[in-house]
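Structure record follows, encoded as structure tokens.
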Amino acid sequence: MTETQKNRMEELVALLNEYSYRYYVLDDPSVADNVYDRLYDELVALEKETGVRLDDSPTRKVGGEPVKAFAQHTHFGRLYSLDKCQSFEELREWDAKIKKAVGNAEYTLEYKLDGLTVVVTYENGLFSGAATRGNGVVGEDVTAQVMTIRSVPSRIPFDGTAEVKGECIMRRSVFKKYNAEAAEPLKNPRNAAAGALRNLDPKVTASRKLDIVFYDVNYMSPDTVTSQSDGIEWLKNHKFRTEKLIITSDIDRIIAEIEAVNRDALDFDIDGMVVKVNDFSLRDKLGYTDKFPRWAVAYKFEAEETTTVLKEVRWQVGRTGKLTPLAVLEPVQLCGATVSRATLNNYADIVRKKVRPGSTVFIRRSNDVIPEILAAVDGTGEGEIKRPTVCPACGAALYENGAHIFCPNSDGCRPQIVARLAHFVSKDCADIEGLSDKTLGLFYDRLGIDKAWQLYDLKKEQLVGLDSFKDKKADNVISSINTRRHISLAALINALGIPNVGKKLAADLAAVYGSVEKLAEADADELSGVDDIGPVVANDIRSYFEKNADFVRELLARVTYAVPVRKEGVMSGQKVVLTGTLQSMTRSKASELIEAAGGVVQSSVTGATTLVVAGENAGSKLSKARAAGVRIIGESEFLELLNA
Ligand code: IVH
């Protein structure tokens, strides 16, 4: 190997590791993917040419040869677990005990990540080994597996020995993506992380995209850390991924912070919060029981997951005719509510998750109101859930399109018609109050209303006499319909129920076209030019207007709409992308100001972008803008522009 090759190799490794750190640890990329790839390929070529691979080369992250079995690893010191409490009352008692023993202690509050404990060792700055917790005394050597985890640094700026501890997790977004395609769906992100980490083939571990969030410096020499907050700071400064840390001695603040945690907003599972005494000298005074440290406690949240028995699957027909399976469950408590329904995506999902009548199923709370089924316990249930061949509502023969089954009878299938009416009157559409699904069903059954525009012709006399309709209620319905004879263009487009056109796209189309007539005339080519519209959606829009010309005409004979007025100002005509952190305001405030000045805010740089506002630590959007030659301004210039 020549000196030049060696220098270049060192330079490439340092650069690529820095880029990875920005990308995987800070979530703040500093170069575009293709720039990284180009340098990476250059490194691979150099390594091949010279037969040399540096200890911290990123090419080691793809995973080495499979191992036959895991070696045992005896921990330097025993790894303790945490005492738990499940109520704020118990937490207050814990706080009182601590303060009685050591006086006014300061605490740290952290997420209790739901994954597996991993201990990672560095010798003279170089990653040298990793082990699972095991039974606390002996764990498994997972060095080759942890080596592949992108957010775990291969080299840290530290001369000495350091053993750091963290929780190995699979992010929810990664888990979701994995499960959407996997032949064998995994039960939850924790299991997914365990299976990937404790896999004998490191290449499999690499492909599963795990993460480790570090929360503890277990051992270090020379030692400079004297508290938990010091430790977290040290970890951060040495390139480890850490999570939010709150420091306070006020138990009321701790409780308020725990109450404020929004688990749905996180991309990883947590099963509680950990409160720790911050100062190590106080920890020494408090000591340990035979199982736990006395200086820490875990406040446990309610489980987000449970098992129950599936009674049957019912097929529901939606507005577009799509059939979705709804699982009817033996009622069970989950996160403080009784759950008796869960979703499954489609028929293939039922087969893949091995769901049968009578199966015991894992259910998990999701962001939606109704939880989802993750998988069935192997071997439970009997018989099979049949793929429907005729519509359960109208008996029409079904057809398949992609992964889904559809009922073709859009004009005669009751649930489709009622769902279309319900969509039309919903909040982001015509916003007509007082028309529940049940009422709309009644209108269809008794008054033959099957097109939304017919609502505008309803007379009070038709309503009085329908089940449950009294004089007053009839008046109310008629008047709420009357107040919605004039709506915004965006709401009207949304109300049409064009496949794949939701609230956001409807608003964009309203802004671009300014009238239903112009939108109806736009050809697919022209539509494809609108941001976020690809050929499929363009075609959906086209064919909607071809098939529903009568409907649109009847509707426009009864409803008028307000055309969006574009604000005029210094940013008129500008399509602006914000990237990085602004010092003087939040991103949403900046967006508001841009829009008020007549500009349009885009989420990513496209061919139409005219201006990029780059704050601190701007990442890939900035590189993309540079590559595309878009005008880029900094925060001060942005402020000047707004004030001009
Ligand atoms: S501290 C001696 N902090 O929870 C105290 N543990 O039952 C050691 N965990 O297996 C644990 N997040 O893997 C600590 N912020 C956090 C944690 C955390 C998750 C896990 C840990 C351990 C279990 C304790």
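Brief remarks on what is shown
- Among the residues of the range 126-147, those that are more than 15 Å from the ligand (Cβ to nearest atom), open to solvent by 20 Å² or more (accessible area, probe 1.4 Å) and polar (S, T, N, Q) comprise S128, T143.
- Candidate set from the range 264-287 (those that are over 14 Å from the mean Cα position of the chain (by Cα) and among the acidic types (D, E)); member that is nearest to the ligand (Cβ to nearest atom): D271
- Of the residues making up the range 236-248, those that are hydrophobic (A, V, I, L, M, F, W, C) and in contact with an Asp or Glu (Cβ under 8 Å, 6 or more places away or on another chain) are L245, I246, I247.
- Count - residues of the range 395-419 that are modelled with pLDDT of 95 or more and either among the hydroxyl-bearing types (S, T, Y) or in contact with a Gly (Cβ under 6 Å, 6 or more places away or on another chain) (or both): 6
- From the options S359, S366, residue that is small (G, A, S), open to solvent by less than 40 Å² (accessible area, probe 1.4 Å) and closer than 14 Å to E312 by Cα: S359
- The residues on offer are K311, K354, and the sole one that is within 30 Å of V390 (Cβ to Cβ), more than 16 Å from the ligand (Cβ to nearest atom) and crowded, with 16+ Cβ neighbours inside 10 Å is K354.
- Qualifying residue in the range 134-156 (condition: of a type in the set (D, E) and within 28 Å of the chain's Cα centre (by Cα)): no
- Test result for G129, touching a residue at least 40 places away in the same chain (Cβ under 8 Å) and outside any strand (DSSP E or B): no
- Of all residues in the range 424-453, those that are closer than 15 Å to R319 by Cα and without any contact (Cβ under 8 Å) to a residue 60 or more places away in the chain have Cβ atoms under 7 Å from Cβ atoms of residues that are assigned to a helix (DSSP H, G or I) and of a type in the set (F, W, Y), 6 or more apart or on another chain, in D450/Y444.
- Enumeration of residues in the range 262-287 that are under 25 Å from D27 (Cβ atoms), of a type in the set (A, V, I, L, M) and surrounded by 16 or more Cβ atoms within 10 Å (Cβ to Cβ): I270, M273, V274
- Residues of the range 595-644 that turn out to be within 23 Å of L26 (Cα to Cα) and hydroxyl-bearing (S, T, Y), as a count: 4
- Filter result (open to solvent by 70 Å² or more (accessible area, probe 1.4 Å) and either closer than 18 Å to N345 by Cβ or in contact with a Leu (Cβ under 8 Å, 6 or more places away or on another chain) (or both)) within the range 380-394: E384, K386, R387, T389, V390, P392
- Looking only at the range 496-509, and only at residues there that are open to solvent by less than 50 Å² (accessible area, probe 1.4 Å) and not in a loop (DSSP other than H, G, I, E, B), the one that is nearest to K547 (Cα to Cα): L496
- Test: A180 is in contact (Cβ under 8 Å) with a residue 60 or more places away in the chain, open to solvent by 20 Å² or more (accessible area, probe 1.4 Å) and away from the ligand (no atom under 16 Å from the Cβ): no
- Single residue of the range 436-468 satisfying the filter (surrounded by 13 or more Cβ atoms within 10 Å (Cβ to Cβ) and of a type in the set (K, R)) that is farthest from the chain's Cα centre (by Cα): K460
- Cβ-Cβ distances below 8 Å connect the following pairs, each with a first residue in the range 69-81 that is of a type outside the set (A, V, I, L, M, F, W, C), a second residue that is more than 16 Å from the ligand (Cβ to nearest atom), and a separation of six or more residues or different chains: Q72/D141; H73/G129; H73/D141.
- Pairing each residue of the range 233-258 that is more than 30 Å from G125 (Cβ to Cβ) with any residue that is aliphatic (A, V, I, L, M) and in a loop (DSSP other than H, G, I, E, B), provided the two are 6+ apart or on different chains, yields C-beta distances under 8 Å for S249/A105.
- In the condition set (1) touching an Asp or Glu at 6+ places or on another chain (Cβ under 8 Å); (2) touching a residue at least 60 places away in the same chain (Cβ under 8 Å), V13 is compliant with all but (2).
- Taken over the range 313-333, the residue count meeting the criterion of being among the β-branched types (V, I, T) and under 21 Å from L374 (Cα atoms) is 4.
- When T343, T338, T306 are checked against the criterion of being free of Cβ contacts under 8 Å to residues at least 40 places away in the same chain, of a type in the set (V, I, T), closer than 28 Å to A256 by Cα and away from the ligand (no atom under 16 Å from the Cβ), T338 stands alone in meeting it.
- Given (1) within 16 Å of the ligand (Cβ to nearest atom); (2) of a type in the set (A, V, I, L, M); (3) modelled with pLDDT under 95, number of the condition M170 does not satisfy: (3)
- Options A491, A474: the member that is touching a Phe, Trp or Tyr at 6+ places or on another chain (Cβ under 9 Å) and small (G, A, S): A491
- Across the range 395-418, the qualifying residues are those that are in contact (Cβ under 8 Å) with a residue 40 or more places away in the chain and over 34 Å from the mean Cα position of the chain (by Cα), and the one among them that is most open to solvent (accessible area, probe 1.4 Å) is N409.
- Whichever residue in the range 232-248 is buried (at least 16 other Cβ atoms within 10 Å of the Cβ) and assigned to a loop (DSSP other than H, G, I, E, B) and, among such residues, is nearest to the ligand (Cβ to nearest atom): E243
- Residue match in the range 187-208 (condition: away from the ligand (no atom under 16 Å from the Cβ), open to solvent by 40 Å² or more (accessible area, probe 1.4 Å), among the hydrophobic types (A, V, I, L, M, F, W, C) and not in a loop (DSSP other than H, G, I, E, B)): no
- Taking the listed residues R356, R294, R319, the one that is in contact with a helix residue (DSSP H, G or I) (Cβ under 9 Å, 6 or more places away or on another chain) and closer than 26 Å to G379 by Cα is R356, with no other qualifying.
The values are calculated or read from the model by the stated rules, or taken from the named source; none is laboratory data. In this text the structure is predicted, and so the values were computed from the model without any measurement. All Cβ positions, glycine included, derive from the backbone under ideal geometry; neighbour counts span all protein chains shown. All accessible areas refer to the heavy atoms of the entire protein, side chains included, with ligands and DNA or RNA removed. Shrake-Rupley method; radii C 1.70, N 1.55, O 1.52, S 1.80 Å.
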